[in-house]
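Just so it is clear, none of the values below were taken in a lab; they were calculated from the coordinates. Only a predicted model underlies this, so the values are computations on that prediction, with no experimental measurement involved. Neighbour counts run over all protein chains shown; Cβ positions are idealised from the backbone, glycine included.
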Amino acid sequence: MNSWLLRGLGLAVVHVVVRVLLGAALIQWPLQGSLLRWAGLVVVILAAVAWAGLDGIRDRRAHPDPDDGDDLTMRWLAAGAVTGLAGGFVTWLVDTITAIPVGVKSLFFELTSGAAFTVLLVFLPAMVAVGVGRYLVRHDKPADDDWSEHSNRPEREHAMAAQGASTADSTRDTAATEAWRNEEAPTEVFPAVDPGRNRDS
């Protein structure tokens, strides 16, 4: 099963269960409708956040380079669409064939406006959770395990070695030049040549 389909169907089950329980709770506590509705929204959002956060953590651990990561944006957009459509249809079906007053208006509404609201309810928190999950993995790694440092370490070592060698050569050349220019530098004294000695021999 595709990863986006699995997430969409899983969140659709959460969505349907929350709406059914909300409908049943409103019968018992009709004066607490606003609080119960907000609680249902929080449950759906937390389910998306938890699953998407795990996706972000796993993706960053599997792909330390951000350019090589999976496309979690399209995965969660498709998952949100499945959640909205499947959840809306099943909720309408439950309201139609059971005595539980789920509170749906019509099948058309559930598959259009209701589904669009559910997509946003899943997709936006999921994207925030993915970013947070990747950020946490990135900043939990020790400095020595940073992928950006390992990728160019051999080149940097060669460059530093070459730079050190050139610096040493430059230092020796400078010292030699200064020694030649120094008037107090020791000089070798050659013996004097006697012109008459060569004539006698």
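Mind ranking 112-122, 60-70 by how tightly packed they are, going by the mean number of other C-beta atoms within 10 angstrom, highest first?
The packing order, highest mean first, is 112-122, 60-70.
Rounded to the nearest 0.05, what FRET efficiency do residue 124 and residue 94 have when you use their Cβ-Cβ distance and R0 = 35 Å?
0.85
Can you figure out the FRET efficiency of residue 62 with residue 117, using R₀ = 35 Å and their beta-carbon distance, to the nearest 0.05?
It comes to 0.60.
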